1. From the square roots a ≥ b ≥ c of the eigenvalues of the alpha-carbon gyration tensor of region 1-63, which class results: rounded (a/c under 1.5), prolate (a/b over b/c), or oblate?
2. Could you list 99, 8 so that the one with the fewest beta carbons within 10 Å of its beta carbon is first and the one with the most is last?
3. FRET efficiency for residue 108 and residue 25, Cβ-Cβ distance as r, R0 = 25 Å, nearest 0.05?
4. Using the Cβ atoms and a cut-off under 10 Å, what net charge is assigned to the surroundings of residue 117, where Lys and Arg are +1 and Asp and Glu are -1?
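We did not get these values from a lab; they are worked out from the coordinates using the rules stated. What you see is a predicted model, and the numbers here were worked out from it, not measured in a lab. Glycine gets a Cβ as well: all are built from the backbone with ideal geometry, and neighbour counts include every protein chain shown.
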Amino acid sequence: MKIAIIGLPNSGKTTVFNALTRATAETAAYSSGQLEPNLATVKVPDQRLEMLAQMFKPRKITYADVQYVDVAGISGGGRQGGGLPPALLNYISGADALLHVARAFADESVPHPDGSVNLERDIAASILSWPSPISRSSSAGSAV
Ligand SMILES: Nc1nc2c(ncn2[C@@H]2O[C@H](COP(=O)(O)OP(=O)(O)OP(=O)(O)O)[C@@H](O)[C@H]2O)c(=O)[nH]1
Ligand SMILES: [Mg+2]
C-alpha cells in the first residue's frame, strides 16, 4: 500500500513522515519547495503472521508493507488544482490513500504560507486544491 503525505508548506509533513518511518529526512522552517519526494517503506507488524511462522517454520516471512511518499508542500498558484507540477501529480495519483497533514501549532520561527494558523481554513483550502489527483485516483480505482 502506498500513502502520499500532503499538506501546505511547513505544515509538518516531513516531521510526520520521519515519525512514521523512523527516517531522518531533513525538516526545515523555510520550505525548500523541492519536488523530489522522501520515500520509505515500513513493515506492518502482525502477531498472527509470527504465530503462523512459529507453527510452520517457513524459510521466509513476508510482512505486509506500507510505502510513504512525502511530497513538498505547494504554495501560491500551484495550490489552485491544475497548477500542480506533473511530477508531483504522478506521486499523488499513484497513491492508494492520502494522509493530509494540517498545521495546528503556532511558532513564529516557522512561517505559515497564509500568515496565520487556522486549521479549518487550511483543511478547507487543501480539499479544494486537490480535486484533480483525488478524482484521478478514484477513477483509476473503479476501473480495476
Ligand atoms: N513548534 C512546532 N514545530 C513543528 C511541529 N511540527 C513540525 N515543526 C517544525 O516546522 C518546520 C517545518 O516542518 P516540516 O516537517 O519540514 O514541514 P513540511 O510540511 O514537510 O514542509 P515542506 O516540505 O517544506 O512543505 C520544521 O522546523 C519543524 O521542526 C510542531 O508540532 N510544533
Ligand atoms: Mg517536507
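1. Details: a/c = 3.75, a/b = 3.51, b/c = 1.07.
Prolate is the answer for region 1-63, as a/c is 1.5 or above and a/b outweighs b/c.
2. Least crowded to most crowded, the residues run 99, 8.
3. 0.60
4. -1
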